[in-house]
Each structure stands twice: as C-alpha cells, then as structure tokens.
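The values are calculated or read from the model by the stated rules, or taken from the named source; none is laboratory data. Computed from a predicted model, the values in this text were never measured in an experiment. All Cβ positions, even for glycine, are placed from backbone atoms using ideal geometry, and neighbour counts span all protein chains on display.
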Amino acid sequence: MALTEVSAGTDLTSLDQTVLAVSSAGLTKRFRGGQVAVDRLDLAVPTGAVYGFLGPNGSGKTTTIRMLLGLIFPTAGTHALLGQAMPAHAGAVLPRVGALVEGPAFHPYMSGAANLRRLDAADRTADARTARQRIGEALERVGLTAAAGKRYRNYSLGMRQRLGIAAALLKPRDLLVLDEPTNGLDPQGTREVRHLISQLGTDGVTVLVSSHLLSEVEQVCTHVGVMTVGRMVWQGSLDDLAAQQRVRVRVETLQPAAAADALRRLGLDEVAVADGEASAVLGDAEPERVATALVSGGVGLRGFVVERPRLEDVFVGLTGEGFDVSG
C-alpha cells in the first residue's frame, strides 16, 4: 500500500482513517519552560505497515510515542489508534496494542517465563485459563523457548529485548509500538530483533518502530516518517521516497564530448562532462534506451552506471543532520 506524502499542516480528516493504524493531527507537546518537544505532528501509519519512525536522538520520537500511548498528555492536537480517538477510547484500544518503550523492565531474579506470568496475571483483560498457552506461544515467537527457565539477569541484551517484545505479544495485537528496540544490542542481537520485526510485519501486525539507525529502517520497514527537532519533515513509503530522488546516469567512455551530445539529444538534463566520462539526470528515460542510443551513435562504452542517491544522503538532506547508519 503506497502512502501519499504527508507533512505538517496536512488535513488528516481528508484521509481514509480506516486504513490508518496510527494517525495524529497537530499533535504538540510543550514542556514547562517553553521547550517544544513535538511540534504540530501529523502522523499517518497505514494498517499493515512496518513504519520506521526515524530521526536523530532528541528529535521527539519517544515523546510522540508516549503521547500516542497515553503515558503523557499532549499540549495540543488529536490522535487515534486503530481508528479510535484517544484517549477517549483507550480502554477499548490499548488491549489491542503492544508496546516496548525505553527498554524492558523485568525482575532480575525471576526466569523469563515467570516474569511473563507475573505480567499476564496483572492484566485484567487477560484470560487466566489460557495464560500457559499464550506465554509459551509468545516465548516461541521470539525464540526464547529454550531460555524460558533461565533467570532474567543472565539474559543477554538481545534476549532481554526479545523478552520485552514477547511481553507485548502475550495477547493477539493489531498494533505493536517499539521504541529503539535495538538500542545497545550487539550485531547478533540486532539481527535477531530485526528478523522478529520483519516476521511480525509478514504476519500482518502493524509495527511502528522508532529508530535513529538508518540501516534498521532500510532493512525492515515499508514506510518511514522522518523527524527532526520535533517536526515531521517527510513521510511515505520507502519506494515513494526513492522515486522522488534525482537518479543520474554516468557513462565511462573515451568520447565524453560525443556521449554528452547524445545525452542532450535524448532530452536528459544537467549533462556534465569530466575526464573520461559524461553524466546526466536520468529523469523518466529508461537506462536501456539511453545505452542503446549511445552505442547506435557510435559512442564506445567502457562503463554505464545508474547512480541512485543513498538513503543516508536523502535523510541528511531532509534534516540537515546525520544518522547512525550501522546497527
């Protein structure tokens, strides 16, 4: 499902709310002292998407998540989860939402399974008769069945994060909200959590995952919202974002001037000539057609490359800041 770009100021009432798992209009949080942590945020997370909430640390992602879940109240604006206005319908909506915010917290001396039993027993909406089955299924889903009897204090960071996700999955969820789920993990733990998120998306769960790691978003997400200093600067599908970037074609040849002339005749823009190469913005032209035209025009090709901007460059251009690119 493609999502039209939505930026601050968009009237979300014009969007079909039935296809949005998470939406907000003008959502704002101003703390005492005047600091604006989130500024008029219009969020649109399609049902069934794995939505990467991307931004540098301090950009307002966690504050937004806490408002969405009712952990803090917004200063202004409205929002809805699963098509229901919040916080008016929190009692009906939140049991369908699983969340991991600012890392998991469990009793260190208890086993993973015992911690989940304690959490489940505290949930008034959970059916005690199915607790054993549900806990077993949650542990299996995150790959912790073999470690169910192991004390939490002996879990690795990756295992702790996965147990936190298991806690969010003790009941069937329509929406899962994960705040920096790979924070502090080693490469193996990061891969484990990424794989789990991908599997949840494949299973049809809508996942909102906040991150400052570009690689995490590229590998597991279908849609992305880019935050900086409390404001949304772009959101939509990753395919839409890539399609909006200026793709260039670079031709390596002993005849760069002739190649440049051929590119101009094809109607390509921003033609440039350098030592041993010519390049231009590809636009709507098909690379195969460009290569054929060059050869037909007598230009000998030593190399022909279609260069797409790296997402790292795209996001830096949107925010003016860098992102961590490795996980």
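Exactly one residue out of R264, R194 is among the charged types (D, E, K, R) and in the same structural domain as T75 (by TED's automatic domain parsing): that is R194. Could you list, in sequence order, the residues of region 210-223 that are among the hydroxyl-bearing types (S, T, Y) and surrounded by fewer than 22 Cβ atoms within 10 Å (Cβ to Cβ)? Across region 210-223, the qualifying residues are S215, T222. Counting only helices (runs of 4 or more DSSP H) wholly contained in region 34-132, no element carries 2 or more residues that are free of Cβ contacts under 8 Å to residues at least 60 places away in the same chain and not assigned by TED's automatic domain parsing to the domain that holds D174. For region 282-295, state whether one or more residues are in a strand (DSSP E or B) and at pLDDT 90 or above. Taking every residue of region 282-295 in turn, none turns out to be in a strand (DSSP E or B) and at pLDDT 90 or above. Scanning region 201-223 for residues that are part of a strand (DSSP E or B) and of a type in the set (A, V, I, L, M) yields V207, L208, V209, L213. Within region 302-327, the set of residues being modelled with pLDDT of 90 or more, out of contact with any helix residue (DSSP H, G or I) (no Cβ under 6 Å at 6 or more places or on another chain) and either surrounded by 12 or more Cβ atoms within 10 Å (Cβ to Cβ) or hydroxyl-bearing (S, T, Y) (or both) comprises V305 only. Kindly provide the set of residues from region 138-193 that are part of a loop (DSSP other than H, G, I, E, B), surrounded by fewer than 20 Cβ atoms within 10 Å (Cβ to Cβ) and among the polar types (S, T, N, Q), ordered by number. Passing the criteria: S156, N183. Taken over region 66-77, the residue count meeting the criterion of being surrounded by fewer than 23 Cβ atoms within 10 Å (Cβ to Cβ) and either out of contact with any helix residue (DSSP H, G or I) (no Cβ under 9 Å at 6 or more places or on another chain) or hydrophobic (A, V, I, L, M, F, W, C) (or both) is 7.
Every listed requirement among (1) at pLDDT 90 or above; (2) surrounded by 15 or more Cβ atoms within 10 Å (Cβ to Cβ); (3) out of contact with any strand residue (DSSP E or B) (no Cβ under 6 Å at 6 or more places or on another chain); (4) not small (G, A, S) is met by R265 save one, (2). For the structure I just gave you, tell me whether Q199 is assigned by TED's automatic domain parsing to the domain that holds A99, over 18 Å from the mean Cα position of the chain (by Cα) and surrounded by fewer than 24 Cβ atoms within 10 Å (Cβ to Cβ). No: the conditions fail for Q199.
Residues that are in contact with a strand residue (DSSP E or B) (Cβ under 9 Å, 6 or more places away or on another chain), surrounded by fewer than 16 Cβ atoms within 10 Å (Cβ to Cβ) and assigned to a loop (DSSP other than H, G, I, E, B) within region 268-279 comprise just one, G276. Within region 224-262, being surrounded by fewer than 19 Cβ atoms within 10 Å (Cβ to Cβ), of a type in the set (A, V, I, L, M, F, W, C) and outside any helix (DSSP H, G or I) holds for V229, V233, V247, L254.
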